[in-house]
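The values are calculated or read from the model by the stated rules, or taken from the named source; none is laboratory data. None of the values given here were measured: they were computed from a predicted structure. Every residue, glycine as well, gets a Cβ built from its backbone with ideal geometry; the counts of neighbours run over all protein chains shown. Side chains included, ligands, DNA and RNA excluded: accessible areas come from the protein's heavy atoms. Shrake-Rupley method; radii C 1.70, N 1.55, O 1.52, S 1.80 Å.
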Amino acid sequence: MTSKFIHRPVLSIVISVIITLMGLLSLTQLPVTQFPDIAPPEVNVTTKFTGANAEVVVKAVVTPLERAINGVPGMAYMSSVSGNDGSSVIQIIFKAGTDPEVASVNVQNRVSSVLDELPEEAIKAGVIVEKVQNSMLLYVNILSSDPTLDEKFLYNFTDINVLKELKRIEGVGFADIMGSRDYAMRVWLKPDKLLMYNISATEIIGRLKAQNVEAAPGKIGESSGKKAQALQYVLKYTGKHNTKKAYENIVLSSNKKGEILRLKDVADVEFDSQDYDVLSKENGQPSAAILLKQRPGSNAKEVINTIKATMAAIKASSFPPGMDYTLGYDVSEFLDASIHEVIKTLVEAFLLVALVVFVFLQDVRSTIIPIIAVPVSLVGTFFFMQLMGFSLNLITLFALVLAIGIVVDNAIVVIEAVHAKMEHSHMGPKRATEHAMREISGAIVAITLVMSAVFLPVAFMEGPVGVFYRQFSLTMAFSIVLSGITALTLTPALCALFLKKSHHDKQQKKSGLQLFFAGFNNRYNKLSGSYKRLLGAIANRRLITFGILLAFSVGAGLIGTKVPTGFIPEEDQGTIYANITTPSGATLERTEKVVDEVQRIASGLDGVTSVSSLAGFSVLSDGTGAVYGMNLISLKNWDKRAASDKEIIRELEEKTRHIKDAGVEFFTPPPVPGYGNSSGFEMRVLDKTGEGNLAQFQKVADAFVAELNKRPEIANAFTTFNASFPQFLLHIDGDKAAQKGITAENAMSTLQTLIGSEYATNFIRFGQLYRVMVQALPEYRAQPDDLMRLYIKNESGEMVAFSSFLRIEKVYGPEQVTRYNMYTSAMVNGQPAPGYSSGQAIAAIKDVAAQKLPKGFGYDWAGSSRDQANAGNQAIYIFVICLVFVYLLLAAQYESFSLPLLQKSIAAQKKKKRHSLKLFNA
């Protein structure tokens, strides 16, 4: 069969060219990512219950939804975070391999089944179900040098002109502006005026809904089939009000005397922001921060380039003078640097292999053949990578680096065999190639199958780790199979064309290079002679042979048990997060001061290029709250700074020790983008007692974290759970309320409007839908005693003071309530101590949990820690299967079930040594 390719070199070359072209075409379409897409599919359910605290959100919204969602097909685990701003996010994490589209539809169906059980306000605000990809691509800040353009303007300008363009970009899976500064018509009620005019907040909501409508009055003269008319006219209504003046003039009531009570008589109306819960800055300057995440399977580099081009176009066409944008985070910088280093290593490995081949073959023509054959195998692998849905990432590129040293073997075997025939049988290149291929074709096929068998079983590993191994092993297997095809087609054709019989001319005066080769051969021959004598001494002594094999096996096993385990090594990604938590009850303005102080300190460091800040947002829980803040610290390029990210973190920790008004933790992003929110370990302490005693749970969580920090394997373990925030509990005296004609529903509805704000109606402006929010002016709700000065209208139309049936009690509770698989949970994060791996830290946590957690409390893992902690022994089983595959292939090759077990190792070594000695002694 191979003689056809020797006599038809054009056919052989065409086959290799086709393989190469298919690989090059596939290379242009392969997505470029940092790692394979191992982050499990995730579906989020987002709700907003305006005015509710975290515990009420859990009871009224989260619990019904979680009960319905629990057990949705493919679900791995579920977590939620609810804040005192009334917002909640339920995260449903699915098993790897689950179709995110199907998962989203299944969750949506479960959510729809319980919508009627949710509060009306939560339904009106919307229950959003969306699949998400946590792999952040870019963090874009829109800012202006014009001090008159505040954060509110920046946010809404970005929402109107920028965000919709970015969302349409192919490959963008998520784009949103951090915080919520959407325009809204704010109706600020004056409770004393309400009392004066005997009108309630509920009545004002009703008037707004009644007088702010879109209508469809129809047509005048429309055909009816009864009487023909020549003309018809469309009737239009002015529609919903969209200006401050129009809302101010809405009529609330009137009397027979012609007196009219308008909204402006009992309230101030402003076109302002809907919420005031998150403040965004970049290097201390107000900004609108856009977070962009990648869609699964897209080309990260291509998506980022498109986003940058789109932003440049928007800036040129829409930005007012003084407005600009910056990139606070750009994953392509680390991606480009990583891939550049791998490609550099790939080229270096190829050149090194070429040099080694030249040194051993000592012939330029012989060296050219593997130099041509190896790229065919490597480039052709890209075609199969595309067929399998792989990406061009660090794992597959690393596989190609290792493959260089393997795929070159087949070409060298062919060249060695041809050389041996030419030297010892005195044949010409073509005839020597024919004879050599008859002898070694079967061996090449066997080598290819055996080498592939080593990698193929690895592709059956499950879970996120299995995705890594699958892409690595199959990339290796594809390149090895292609090298076997190349060795049977292109390599023999090139040998027949390129090799010359007289490549060693002993009459020719020796050059410096030939003198080097002569010295190299002498030393190598001495080494090979020593090795040959060693083999001769132990080859027939099975006790020694198997003793050495057993010693190596036992040694490898013992070392394997001692080597620290880990998931993915942490690298310097050029980004540092700061998570800030101010004391219980702190306001957003107080948190902002701490966030600004951290930003000021970080900006002063030599290795820092920019600092983006968010006051009111927690990077660990992805939730909002006045006591939370974060800084995204972008470092200079690796070649422009001397310090690593860990060294800069230590410097930041040292320079922020004086901050006593908040807890500040610094950490790096997770090693695998989208797999958790931080590096290190992530876990949850679970309250399974069912009592709901948050104060007791906090004691358990704090004690557990304290025990963790005592372990040498763990550094800086901390929890964000805090149930000591000052709160006030409202008690309604049912008897007094009934006597005065007040119901609990009416009382709480009125307080929700006056204190918490209520979404009354909406309107269209600038092509966007905005809300009308009704709430009391801040000065009427600044202190707890202000509640007692408010009034409510009873069933008889009389205004009744809240103080006549309501009392308040000071209590303590959480700013956020986190749940995990329907249990109240405390999030615990931390880092392995220097010198310890994540595997050792996880083992230490398991040990502490087993000894210190009280009965009724448990724990579980999140992010990459979950997969690492729950990893089984499938690697051992796969290793055994690999051995079985190799054994079966060797048994088929030798037509014996015993020979591969007893004689293969010695026979292979002796055969290979004899073959090598023939070549290098020539």
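A few notes on this one:
- When a 1.4 Å probe is rolled over the protein heavy atoms, the share of accessible surface on the stretch 353-491 that falls to carbon and sulfur comes to 72 percent.
- Of the cross-linked pairs Lys131/Lys315; Lys219/Lys256; Lys167/Lys646, those separated by over 32 Å at the C-alpha level are Lys219/Lys256; Lys167/Lys646.
- Scaled radius of gyration (Cα, divided by 2.2 N^0.38 Å) that the stretch 312-419 gives: 1.64
- Solvent-accessible area assigned to carbon and sulfur over the stretch 126-265 amounts to 50 percent, based on a 1.4 Å probe.
- Accessible surface, the stretch 448-505, averaged per residue in Å² (probe 1.4 Å): 36 Å²
- Ellipsoid fit via the Cα gyration tensor, the stretch 796-854: semi-axes of 49, 12, 11 Å, each the root of five times an eigenvalue, largest first.
- Calculated P(r) of the chain - Cα pairs past 55 Å, %: 31 percent
- Of all segments of the chain bounded by GluC sites (Glu not before Pro) found in a DSSP loop with no more than 13 other C-beta atoms within 10 Å, the longest spans 260-690.
- Measuring with a 1.4 angstrom probe and ignoring ligands and nucleic acids, Ile18 comes out at about 90 Å² accessible.
- For the stretch 83-136, the normalised intensity computed at q = 0.26 Å⁻¹ comes to -1.17 (log10 of I(q)/I(0), Debye sum over alpha carbons, equal scatterers, no solvent).
- Nearest-20 debye value, the stretch 658-767 charge dipole, Cβ charges on Lys, Arg, Asp, Glu: 120 debye
- Across the stretch 707-720, computed HN-Hα scalar couplings (Karplus, 6.51 cos²θ - 1.76 cosθ + 1.60, θ = phi - 60°) run 5, 4, 5, 7, 7, x, 6, 10, 10, 6, 6, 8, 10, 8 Hz from first to last residue, x flagging Gly and Pro.
- Surface/4 of the Cα convex hull for the stretch 550-613, nm²: 8.0 nm²
- Centre-to-centre separation between the Cα atoms of the stretch 417-483 and those of the stretch 162-187: 53 Å.
- Positive contributions from Lys and Arg (+1) and negative ones from Asp and Glu (-1), summed over other residues with Cβ under 9 Å from the Cβ of Lys48, come out at -2.
- Ser145, Ser425, Ser528, ranked by accessible area, largest first (probe 1.4 Å): Ser145, Ser425, Ser528
- Size of electric dipole in the stretch 405-554: Cβ of Lys, Arg +1 and of Asp, Glu -1, about Cα centre, debye, nearest 20: 760 debye
- For the stretch 452-551, with +1 on Lys and Arg beta carbons and -1 on Asp and Glu, the positive-most of Phe468, Leu549, Gly519 along the dipole: Gly519
- Summed over the residues of the stretch 151-196 and divided among them, the accessible surface reaches 36 Å² per residue at a probe radius of 1.4 Å.
- Residue by residue, the stretch 192-199 carries 3J(HN,Hα) couplings of 5, 6, 4, 5, 4, 9, 6, 9 Hz when phi is fed to the Karplus relation 6.51 cos²θ - 1.76 cosθ + 1.60 (θ = phi - 60°); x denotes Gly or Pro.
- Label-point separation, Thr202 to Leu115 (7 Å along Cα→Cβ), nm: 2.6 nm
- Between Lys855 and Val102, the FRET efficiency estimated from the beta carbon spacing at R0 = 35 angstrom works out to 0.30.
- Using a Förster distance of 22 Å, the FRET efficiency for Ala706-Asn870 (Cβ separation, nearest 0.05): 0.30
- Take the Kirkwood radius over Cα pairs of the stretch 408-531, plug it into Stokes-Einstein at 20 °C and 1.002 mPa s, and you get 125 µm²/s for translational diffusion.
- For the stretch 643-710 and the stretch 568-636, distance of Cα centres in Å: 14 Å
- Amide H contacts of Met388: none lie under 5 Å away among residues 5 or more positions distant or on a separate chain (H built 1.01 Å from N in the peptide plane; Pro and chain starts excluded).
- Partner aspartates and glutamates for Lys240 [C-alpha distance under 13 Å; skip if fewer than 8 residues away on the same chain]: Glu214
- Counted over all Cα-Cα pairs of the stretch 243-337, pairs farther apart than 15 Å make up 77 percent.
- Dividing the mean sequence gap of close Cα pairs (under 8 Å, 6+ apart) by how many residues the chain holds gives a relative contact order of 17 percent.
- With the charge dipole of the chain set up from +1 on Lys and Arg Cβ and -1 on Asp and Glu Cβ about the Cα centre, the Cα lying farthest toward the positive end among the listed residues Ile649, Leu620, Val111 is that of Ile649.
- Length gained when the stretch Glu647-Ile548 is fully extended (0.36 nm per residue, less Cα-Cα span): 31.1 nm
- Of the chymotrypsin sites (Phe, Trp or Tyr not before Pro) found in the stretch 168-274, those in coil by DSSP whose Cβ has at most 11 other Cβ atoms within 10 Å are Tyr237.
- Cβ-defined net charge surrounding Ser79, 9 Å radius [Lys, Arg +1; Asp, Glu -1]: +2
- Nearby lysines by direct alpha-carbon distance to Lys500 (threshold 17 angstrom, same-chain neighbours under 8 apart not counted): Lys421, Lys430
- Global size of the stretch 119-243: 23.0, 67 Å for Rg and Dmax (C-alpha atoms, Rg to one decimal, Dmax whole).
- Expected-Rg normalisation [2.2 N^0.38 Å, Cα atoms] applied to the stretch 625-744: 1.61
- Against the rule of thumb 2.2 N^0.38 Å, how large the Cα Rg of the stretch 199-283 comes out: 1.73
- Taking amide H as placed 1.01 Å from N in the peptide plane, Ser610 has its amide H under 5 Å from the amide H of Ser634, each at least 5 places away in sequence or on another chain.
- The trypsin sites (Lys or Arg not before Pro) of the stretch 251-280 that DSSP puts in a loop, and whose beta carbon has at most 16 other beta carbons within 10 Å, are Lys256, Lys257.
- Scalar couplings 3J(HN,Hα) for the stretch 95-104, obtained by applying the Karplus form with A = 6.51, B = -1.76, C = 1.60 to θ = phi - 60°, are 5, 4, x, 6, 5, x, 5, 5, 4, 5 Hz; x denotes Gly and Pro.
- Gap separating the Cα centres of the stretch 74-147 and the stretch 322-375, nearest whole Å: 42 Å
- For the chain, a crude dipole built from +1 on the beta carbon of Lys and Arg and -1 on the beta carbon of Asp and Glu, taken about the Cα centre, is about 4300 debye to the nearest 20.
- Label zone at Ala891, where the point sits 7 Å out along the Cα-to-Cβ direction: the stretch 453-483 residues whose backbone N lies under 17 Å: 453-454
- Residue among Ala843, Tyr233, Ala723 farthest towards the positive dipole end of the chain, charges placed on Cβ: Ala843
- Å² per residue, accessible surface of the stretch 712-759 at 1.4 Å: 45 Å²
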